[in-house]
Amino acid sequence: MTNKRYKGQPVYRVLKPIILSTTGQEKAPGAIVDLSHLPPDSLKWFLDNGFFETADGEPENEPAEPVKPCVGCE
Amino acid sequence: MALPAGMSSCAMCVQLMTGTTTTWSTTSSNMSVVDPPTATRMTGEAYVFGEDTALVTYGKREPVDVTVRGIWAEGTADPFYNIYLAWTTACGGTTAVRWAPAGCTTAHDAFSTSTTASRVTALTFPAGDAGDGSPIMYEFTVHTPEVTRATWA
C-alpha cells in the first residue's frame with residue numbers, strides 16, 4: 001500500500017518534537033506530517049503553541065497512518 | 001496568584017520497545033513504578049591561591065539510568081518476557097522506555113530513552129517471600145545516553 005495522501009489534504013512541518021498518536025512514532029523538528037486525525041480545536045492549540053507550521057505544497061509527506069488508495073484522484 | 005494545575009501520575013502511561021521491533025507497546029497495565037532518573041552534567045573545578053572560590057567548568061551530559069518496576073504475570077504476554085529476551089541477547093538487546101506522566105494522550109508530554117542505544121544493565125528477577133502477601137514484582141534498569149521529551153499530537 002502506498003502512503004499517498006488525499007489530494008488537497010494539508011500537511012504540517014514539525015517545529016518541536018512530537019509523538020504521533022496514530023502510530024506512536026516520534027517525529028523530530030523538520031518532519032512533514034499529516035495531522036488529519038486531530039480535531040480543529042486541538043490542531044489550533046498545537047499551531048498556537050508553536051508545535052507545527054503549515055507546509056502545504058511540500059513534496060514529501062509522512063502520513064499519520066496509511067490511507068486507502070484514493071479513488072478518483074490523480 | 002493562581003496555583004498551577006497540578007497533576008498526579010494516576011493516568012501515567014508506560015511503553016516499551018524491545019529487541020528488533022521498532023514500535024512501542026503500551027505496558028501500563030503491567031508497570032507499577034518508573035523511577036525518575038537524575039540527569040547530570042560533568043563538572044570540573046580547580047583552585048588557585050589568589051582566590052577563595054573555585055574555578056568551575058562544565059562538560060558533557062552524562063548517561064542516565066531509568067529504573068522500572070513491573071508486576072510479574074508470567075507468560076509471553078507479560079512484558080517481562082521481552083525484557084528478559086533482550087537481557088539475554090549477546091551484548092544486550094535494545095530496550096527503550098517511554099513514559100508519559102499524564103498519559104499517552106494528545107497535548108501531554110512523554111519522556112523516552114534512546115531507541116537505538118538503550119540497554120538493560122540490571123535486572124531483578126521475580127522473587128518470593130512466604131511472609132509477604134504482596135504481588136510478585138521485578139525490576140529493570142535501562143542505561144541510555146539521554147532522556148528526550150516530546151509531546152503527543
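Every number here is computed from the coordinates shown, using simple stated rules; none is lab data. Remember, predicted model here, so these are calculated numbers, not experimental data. Note: ideal-geometry Cβ built from the backbone for every residue, glycine included; neighbour counts use all protein chains shown.
Along the range B:28-37 the Karplus relation, 6.51 cos²θ - 1.76 cosθ + 1.60 evaluated at θ = phi - 60°, assigns HN-Hα couplings of 4, 6, 10, 8, 10, 9, 10, 7, x, x Hz to successive residues, with x for each Gly and Pro. Projecting label points 7 angstrom from Cα along Cα→Cβ for B:Glu62 and B:Thr23 puts them 3.8 nm apart.
Counting only other chain Cβ atoms within 10 Å of each residue's Cβ, the peptide A:20-27 averages 5. Helix B:79-88 and the longest principal axis of the C-alpha atoms of chain B enclose an angle of approximately 60°.
Across B:Pro135, B:Pro63, B:Pro79, mean-square fluctuation computed from a Gaussian network of chain B (C-alpha pairs under 10 Å connected) peaks at B:Pro135. Among the GluC sites (Glu not before Pro) in the range B:72-153, which ones are in a DSSP loop with at most 13 other Cβ atoms within 10 Å of the Cβ? Mind listing them? Sparse-neighbourhood loop GluC sites (Glu not before Pro): B:Glu74.
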